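A.B. asks: Pasting a structure below so you can have a look.
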Amino acid sequence: MARRSPGPTIEDGLLAIRRRWPELFDRDEGDEEGPVFILSAGWRSGSTMLQRLLTGRCLIWGEPYGHAWPIPSMADQVRCFTDRWPEPHHFYRGQPREELATRFIANLYPGVGDLLQAHRDFFDRLFARPARASGHDRWGLKEVRLDADHAMYLRWLFPRARFLFLIRNPYDAWRSYAARAARGWQWYNRWPDQPLTAQSFAAHWDRLASSFLEGYRKVDGLLIRYEDLAAGRTDPVEDYLGFELSRPAARSNPGDGGPAPLASIPEEDALAIKGELGRLAGSLGYHLEASRREAIAATGRTRTRKEPDRCVVIVPYQRFIEPACEAGLREIERRGYVVRRVPVDEAIDMVRGLAVEKALREGFDEILWIDPDLEFDPDAVDQMRALDRPMVAALDARFRPVGRAEDVPDGLLERDDAGAGFLLTWSEVYLVIREREGLLPCIAPDGGTLVPYFLPMIVLEGGESRYLADGHAFTARARRAGFRVVADSRIRVRPIASRATGWENLAAGSSLYWNP
């Protein structure tokens, strides 16, 4: 059952009006086509996509004057109607002025029919007339705060209206919004004192989605899953509306300037969301695990966001960062990259894990690890990202070579043991590793939460035990999760302590290599 607000509902008020003034529900609208209302169960659920798909026939206004709360405020006027209020003697019945002057008229109301027409006039002046002026013969609007009770009010005003009720996996919707919140965006359930949190976001979704399931048939509406819409299954929408959706709009996906969704939901957010969701989410197949599978599937999609500030560069250091490395870091900072110099005052695998959780929480698309004793060309960072691979390493003198330098053409080489000295990873890689390896969140000594992606491990090779330190243990887990770690032979970095020894020297037969 939908969570009901305290007191009477809009539907309660409309039922009272129907009993007392049935003629206001049997109106002849002629040949007028009704507006189209898109009601979405909260934010980041696909209402804008649906809004664009309707643009060929309708001008769909988007959350018009949302902070001002115009439609809920108008609809609230209906809640108070009962079988006894307004009292019959409150209404003006055509009495002459002389009679009005001699009677008690402290409560003198226009008729309920006038109230209905005034509400319709408000929508006509604010929405219908500007739509017609723009060349559209039909209008509508999309909202993310209205429930099925509000739809009852809109149906009273416009008996021929069409209603599209849209729901999405709330965990996926939160991943999308949380990435924006991490960048400083702030949206409100109700401005200015109800900003969105994971808890209020989930409670809002549960209330609206529950009301949609319970009430969409009452207004002859259509219930739509975002997942079907995103997959191109739009025939039910076209059949319901009676016209084709915009094909150009279906092929486009203009962004709002925000970041990509978080690769994973922070544990505290996941717990807050789960605590607010009732049984409905689970009955629809909407679980946190389903959201994780969605994020995992995203690793195979085309990635086009290559702005520098989508990548965070993390440099763990113990005592200092070599001047040559620092010079490269300052240059990529100048180019727009986010660089974090992280002191190693705990076990290195713990430091890396905490840094990853912070980066994922803030919605970065990529994480680049750089050791503090590496000299590198700043252009190498752009070159690695341009390869568009989930895991890319650079070649340096600490890599065990796969062959002689003259036998290795410029291009990509698959690495069986890369480490994290100069390693670029997509953020989704961590989510996949966590899922496939069954890694559980841990509490660090400082109270922070981390997932042990970099926990050292022991592996058996040729009957012998081999110890893998933090970065090597991470890339081993990545390979087990299905990722190929590649190195671009055209991208080189140089350890400061090994200036005389380059990767080519090693390929030619040097015995020096990185020993974890």
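The values are calculated or read from the model by the stated rules, or taken from the named source; none is laboratory data. Note that the structure is a prediction, hence the values are computed from the model and not measured. All Cβ positions, glycine included, derive from the backbone under ideal geometry; neighbour counts span all protein chains shown.
A.B. asks: Against the condition farther than 18 Å from R145 by Cα and in contact with a helix residue (DSSP H, G or I) (Cβ under 7 Å, 6 or more places away or on another chain), how does L229 come out, does it pass? Full working, then the answer.
C.D. replies: Numbers: farther than 18 Å from R145 by Cα: yes; in contact with a helix residue (DSSP H, G or I) (Cβ under 7 Å, 6 or more places away or on another chain): yes.
Judged against the criteria, L229 is a match.
A.B. asks: Also: What number goes with the only condition from (1) touching a Pro at 6+ places or on another chain (Cβ under 9 Å); (2) at pLDDT 95 or above; (3) not assigned by TED's automatic domain parsing to the domain that holds G215 that W85 does not pass?
C.D. replies: With respect to (1) touching a Pro at 6+ places or on another chain (Cβ under 9 Å); (2) at pLDDT 95 or above; (3) not assigned by TED's automatic domain parsing to the domain that holds G215, W85 is out only on (1).
A.B. asks: Only one of A128, A173, A209, A181 is in contact (Cβ under 8 Å) with a residue 24 or more places away in the chain, in a helix (DSSP H, G or I) and out of contact with any strand residue (DSSP E or B) (no Cβ under 7 Å at 6 or more places or on another chain). Can you tell me which? Spell out how you get there, then give the answer.
C.D. replies: Values: A128 fails: out of contact with any strand residue (DSSP E or B) (no Cβ under 7 Å at 6 or more places or on another chain); A209 fails: out of contact with any strand residue (DSSP E or B) (no Cβ under 7 Å at 6 or more places or on another chain); A181 fails: in contact (Cβ under 8 Å) with a residue 24 or more places away in the chain.
One residue alone meets the criteria, A173.
A.B. asks: Take the residues in the stretch 165-209 that are basic (K, R), crowded, with 19+ Cβ neighbours inside 10 Å and modelled with pLDDT under 95; name whichever of them is farthest from the chain's Cα centre (by Cα).
C.D. replies: The residue in question is R180.
A.B. asks: While we're here: What do you reckon, is L241 touching a helix residue (DSSP H, G or I) at 6+ places or on another chain (Cβ under 8 Å) and surrounded by 15 or more Cβ atoms within 10 Å (Cβ to Cβ)?
C.D. replies: In short, no.
A.B. asks: What do you reckon, is W61 modelled with pLDDT of 95 or more and surrounded by 11 or more Cβ atoms within 10 Å (Cβ to Cβ)? Quick ask: steps written out before the conclusion?
C.D. replies: Numbers: modelled with pLDDT of 95 or more: yes; surrounded by 11 or more Cβ atoms within 10 Å (Cβ to Cβ): yes.
Yes: the conditions hold for W61.
A.B. asks: Additional query: W43 - would you say it is hydrophobic (A, V, I, L, M, F, W, C), in the same structural domain as L208 (by TED's automatic domain parsing), surrounded by 17 or more Cβ atoms within 10 Å (Cβ to Cβ) and in a loop (DSSP other than H, G, I, E, B)?
C.D. replies: Details: hydrophobic (A, V, I, L, M, F, W, C): yes; in the same structural domain as L208 (by TED's automatic domain parsing): yes; surrounded by 17 or more Cβ atoms within 10 Å (Cβ to Cβ): yes; in a loop (DSSP other than H, G, I, E, B): yes.
Answer is yes for this residue.
A.B. asks: Among the residues in the stretch 336-349, are any under 28 Å from the mean Cα position of the chain (by Cα) and assigned to a helix (DSSP H, G or I)?
C.D. replies: Scanning the stretch 336-349, I find no residue that is under 28 Å from the mean Cα position of the chain (by Cα) and assigned to a helix (DSSP H, G or I), so the answer is no.
A.B. asks: Of the residues that make up the stretch 125-134, is at least one polar (S, T, N, Q), surrounded by fewer than 18 Cβ atoms within 10 Å (Cβ to Cβ) and more than 17 Å from R162 (Cβ to Cβ)?
C.D. replies: There is at least one residue in the stretch 125-134 that is polar (S, T, N, Q), surrounded by fewer than 18 Cβ atoms within 10 Å (Cβ to Cβ) and more than 17 Å from R162 (Cβ to Cβ).
A.B. asks: Is it the case that some residue within the stretch 136-153 is under 27 Å from I265 (Cβ atoms), of a type in the set (K, R) and surrounded by 14 or more Cβ atoms within 10 Å (Cβ to Cβ)?
C.D. replies: Yes, the stretch 136-153 has at least one match.
A.B. asks: Within the stretch 64-78, is there a residue that is buried (at least 18 other Cβ atoms within 10 Å of the Cβ) and assigned to a loop (DSSP other than H, G, I, E, B)?
C.D. replies: Yes, the stretch 64-78 has at least one match.
A.B. asks: Do you know which residues across the stretch 424-459 are at pLDDT 85 or above and assigned to a strand (DSSP E or B)?
C.D. replies: Answer for the stretch 424-459, where residues must be at pLDDT 85 or above and assigned to a strand (DSSP E or B): L424, T425, W426, C442, I443, L450, M457, I458, V459.
A.B. asks: Another question about this same structure. Only residues that are under 30 Å from L280 (Cβ atoms) and at pLDDT 95 or above: list them for the stretch 18-43, please.
C.D. replies: R18, P35, V36, F37, I38, L39, S40, A41, G42, W43
A.B. asks: Follow-up question, since we're still on this one. If a residue must be farther than 24 Å from T48 by Cα and under 14 Å from the mean Cα position of the chain (by Cα), how many such residues does the stretch 251-284 contain?
C.D. replies: 3
A.B. asks: Could you check the stretch 229-246 and list, in sequence order, the residues that are under 24 Å from the mean Cα position of the chain (by Cα) and not in a loop (DSSP other than H, G, I, E, B)?
C.D. replies: L229, A230, V237
A.B. asks: Can G336 be described as within 23 Å of L262 (Cα to Cα) and surrounded by fewer than 17 Cβ atoms within 10 Å (Cβ to Cβ)?
C.D. replies: Against the criterion (within 23 Å of L262 (Cα to Cα) and surrounded by fewer than 17 Cβ atoms within 10 Å (Cβ to Cβ)), G336 qualifies.
A.B. asks: Give the stretch 490-514 a look and list any residue that's crowded, with 18+ Cβ neighbours inside 10 Å and at pLDDT 65 or above, or say none.
C.D. replies: I491, R492, V493, R494, P495
A.B. asks: Among A487, A478, which is assigned to a strand (DSSP E or B), crowded, with 22+ Cβ neighbours inside 10 Å and either over 32 Å from the mean Cα position of the chain (by Cα) or assigned by TED's automatic domain parsing to the domain that holds F422 (or both)? Step through it out loud before you land on a result.
C.D. replies: Working: A478 fails: assigned to a strand (DSSP E or B).
Going through A487, A478 in turn, just one is assigned to a strand (DSSP E or B), crowded, with 22+ Cβ neighbours inside 10 Å and either over 32 Å from the mean Cα position of the chain (by Cα) or assigned by TED's automatic domain parsing to the domain that holds F422 (or both): A487.
A.B. asks: Let me ask another. Would you point out which residue out of F122, F91, F104 is aromatic (F, W, Y) and under 26 Å from P70 (Cβ atoms)?
C.D. replies: None of the other options fit; the residue is F122.
A.B. asks: I would also like to ask the following. Search the stretch 247-275 for residues being of a type in the set (G, A, S) and part of a loop (DSSP other than H, G, I, E, B), and hand back the single one that is farthest from R361 (Cα to Cα). Let's see the steps before the verdict.
C.D. replies: Initially, the stretch 247-275 is screened for residues of a type in the set (G, A, S), giving 249-250, 252, 255, 257-258, 260, 263-264, 270, 272, 275.
Among the residues that remain, those that are also part of a loop (DSSP other than H, G, I, E, B) are: 252, 255, 257-258, 260, 263-264.
Numbers: S252: 28, G255: 21, G257: 19, G258: 15, A260: 12, A263: 9, S264: 8 Å.
Per the stated criteria, the residue is S252.
A.B. asks: Could you please let me know if A250 is in contact with a Leu (Cβ under 8 Å, 6 or more places away or on another chain), among the small types (G, A, S) and farther than 30 Å from V112 by Cα?
C.D. replies: So A250 passes the test.
A.B. asks: Right, something else. For the stretch 350-388, give me the residue count where each residue is exposed (fewer than 15 other Cβ atoms within 10 Å of the Cβ), assigned to a helix (DSSP H, G or I) and under 28 Å from the mean Cα position of the chain (by Cα).
C.D. replies: Matching residues across the stretch 350-388 total 1.
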